[in-house]
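Encoded as structure tokens, here's the structure I'll be asking about.
The values are calculated or read from the model by the stated rules, or taken from the named source; none is laboratory data. As the structure is a computational prediction, the values presented were derived from the model and not from experiment. Virtual Cβ from ideal backbone geometry, glycine too; neighbours counted across all protein chains shown. Quick note on the areas: whole protein, heavy atoms, side chains included, nothing else; ligands and nucleic acids left out. Shrake-Rupley method; radii C 1.70, N 1.55, O 1.52, S 1.80 Å.
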Amino acid sequence: MNARQACSVLTVILLSTALVTPASGQSLPRAGTGIGVFAGLYSADGIATNSYYGARYDYGFQGGKFFVEASLGIGSLDSKVLESVTSASLFESSRLLTYEFDVAYDHTPTGPVPFVLLGVTGIDQGGQTKFAGVVGFGKRFVLSGIFDDRMIARLDIRDHLFSQEFNNKGSFTAHNLSLTLGLTLAL
Amino acid sequence: MALLLLGQSRAQEGASMPGQPVNKRAGIDLTRGVLFEVTPHTGMMGTSGVFGLRLGMNYGSLGLELAGEQVIGKTANLYPVSFNVLLNLSTQGRLIPYGVVGAGLWLTVPTNALGAETVSSLGLNFGGGARYYITRSFGVRLEAKQYMTTINNEREPQSELLFYQELSLGVSFLFR
């Protein structure tokens, strides 16, 4: 994905989020389970930015102020820049797979303050697996009138932090950033 | 499964068995039949990160579970699959401490060594932990375990005994 395509996707995500206005008096489900899907961009540090999509399961407790989440994401490590400058490849394939466990705190589920999130993730980069920490934040909005107000839109921004090393040239802390827009159905 | 969990959560929070006193203490009761448990978890084995899932059932003080994990190493990933027996040291309330012992198969899968093959070995584990239930169907689970396995040394005739320690933290979903 080139910069123009990435900007287009980003614009669509941000516009979509802006159009989703929380209805007054609508509150997020206070507890219980939710299943959802998400899509957006995943920027693999030093490699490429590509589209990213997946599914998640979450469970809210303590009145909905906390929720735990498990998610599975699929992306790509394709890089036209790297392909054009070298014939060698960093990984056996361009497959990107993430599986993530998180816990989040949403102090004001119906207010303007975003939730914060901490977790861990496994990142399968073309056959090489890394264990990474996750920090992030996001916001949830009830889509009023859809599925009895049980449909929730989400914007998530996350950083996957882990130790990366290419060609035995010393390790560095990689920051893989993701920006996703999701839909969750509260069950 | 999510539907099952939700349904069970609602049923458990409002219901009590006819003829039996309502347990006014917020918490769970393992003495009222079989309770199934799903526990996704993460943690560390040595310096390697762990992801895993445990599927279990509890009946009073006894618990049985099947556990699968991925241990993410630098040059290889380890996949321990084990069958465990739990002894719940408490059967009522929010806090359920337990001891656990189990056995299983370990699969070591190299990730970046060309030509290397998957190695399998048998392993034992024992340890203990505790579950703390926030609601009657949801809680957190902390566990410490010692793993043991043997591997054959290609250069010497005898096998080598290896020990690993694991500390894990997960969430526990209960349903009937």
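Among the residues of the stretch B:29-52 satisfying the criterion of being buried (at least 16 other Cβ atoms within 10 Å of the Cβ) and free of Cβ contacts under 8 Å to residues at least 24 places away in the same chain, which is farthest from the other protein chains (Cβ to nearest Cβ)?
Checking each candidate, the answer is B:R32.
Mind listing whichever residues of the stretch A:164-187 are under 16 Å from A:K130 (Cα atoms) and either at pLDDT 90 or above or among the β-branched types (V, I, T) (or both)?
Across the stretch A:164-187, the qualifying residues are A:T173, A:A174, A:H175, A:N176, A:L177.
Within the set of pairs 6+ apart or on separate chains, which have a first residue in the stretch A:162-177 that is among the aliphatic types (A, V, I, L, M), a second that is loosely packed, with under 13 Cβ neighbours inside 10 Å, and C-beta atoms under 9 Å apart?
That search, which allows pairs on different chains as well, returns A:A174/A:S163.
Within the stretch B:78-127, which residues are touching a residue at least 24 places away in the same chain (Cβ under 8 Å), among the polar types (S, T, N, Q) and closer than 21 Å to B:V50 by Cα?
B:S82, B:N84, B:T108, B:T111, B:N112, B:S121, B:N125
Something else about it: Those residues that are charged (D, E, K, R) and farther than 23 Å from A:L117 by Cα, I need them from the stretch A:132-187; list them, please. Show your work before the answer.
Initial filter on the stretch A:132-187 (charged (D, E, K, R)): A:139-140, A:148-150, A:154, A:156, A:158-159, A:165, A:169.
Selection gives A:D148, A:D149, A:E165, A:K169.
Still on this structure, please answer the following. Tally up the residues in the stretch A:21-42 that are buried (at least 20 other Cβ atoms within 10 Å of the Cβ) and modelled with pLDDT of 85 or more, please.
7
Suppose the filter is assigned to a strand (DSSP E or B), surrounded by fewer than 19 Cβ atoms within 10 Å (Cβ to Cβ), β-branched (V, I, T) and within 14 Å of chain B (Cβ to nearest Cβ); does A:V103 pass it?
Details: assigned to a strand (DSSP E or B): yes; surrounded by fewer than 19 Cβ atoms within 10 Å (Cβ to Cβ): yes; β-branched (V, I, T): yes; within 14 Å of chain B (Cβ to nearest Cβ): yes.
The answer is yes for A:V103.
Checking B:G19 against (1) farther than 19 Å from B:L95 by Cβ; (2) modelled with pLDDT of 90 or more, only one condition comes out false. Which one?
(2)
To keep it simple, each residue is scored yes or no on (1) closer than 23 Å to A:V37 by Cα; (2) open to solvent by 30 Å² or more (accessible area, probe 1.4 Å); (3) among the aromatic types (F, W, Y).
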{"site": "A:E92", "(1), (2), (3)": "no, yes, no"}
{"site": "A:F137", "(1), (2), (3)": "yes, yes, yes"}
{"site": "A:R154", "(1), (2), (3)": "yes, no, no"}
{"site": "A:S163", "(1), (2), (3)": "no, yes, no"}
{"site": "A:N167", "(1), (2), (3)": "no, yes, no"}
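Given (1) among the hydrophobic types (A, V, I, L, M, F, W, C); (2) crowded, with 18+ Cβ neighbours inside 10 Å; (3) modelled with pLDDT under 85, where does A:C7 come up short, assuming only one miss?
Going through the list (1) among the hydrophobic types (A, V, I, L, M, F, W, C); (2) crowded, with 18+ Cβ neighbours inside 10 Å; (3) modelled with pLDDT under 85, A:C7 breaks only (2).
Which of (1) away from every other protein chain (no Cβ under 14 Å); (2) modelled with pLDDT of 95 or more is the odd one out, the single condition A:H160 does not satisfy?
Just one mismatch for A:H160, condition (1).
So how many residues does the stretch A:106-130 have that are within 13 Å of another protein chain (Cβ to nearest Cβ) and either under 14 Å from A:D156 (Cα atoms) or out of contact with any His (no Cβ under 7 Å at 6 or more places or on another chain) (or both)?
11
Determine whether A:V85 is among the β-branched types (V, I, T) and surrounded by 13 or more Cβ atoms within 10 Å (Cβ to Cβ).
Values: among the β-branched types (V, I, T): yes; surrounded by 13 or more Cβ atoms within 10 Å (Cβ to Cβ): no.
For A:V85, the condition - among the β-branched types (V, I, T) and surrounded by 13 or more Cβ atoms within 10 Å (Cβ to Cβ) - is not met.
Name every residue in the stretch A:43-68 that is under 15 Å from A:V103 (Cα atoms), open to solvent by less than 50 Å² (accessible area, probe 1.4 Å) and not basic (K, R), in order of residue number.
Pass one, the stretch A:43-68, residues under 15 Å from A:V103 (Cα atoms): A:56-68.
Then drop every residue that is not open to solvent by less than 50 Å² (accessible area, probe 1.4 Å), which leaves A:56-61, A:63-64, A:67-68.
Matches in the stretch A:43-68: A:Y57, A:D58, A:Y59, A:G60, A:F61, A:G63, A:G64, A:F67, A:V68.
A:A186: surrounded by 15 or more Cβ atoms within 10 Å (Cβ to Cβ), touching a Leu at 6+ places or on another chain (Cβ under 7 Å) and within 14 Å of chain B (Cβ to nearest Cβ), yes or no? Walk me through it before giving the result.
Values: surrounded by 15 or more Cβ atoms within 10 Å (Cβ to Cβ): yes; touching a Leu at 6+ places or on another chain (Cβ under 7 Å): no; within 14 Å of chain B (Cβ to nearest Cβ): yes.
Taking the combined requirement at face value, the residue does not satisfy it.
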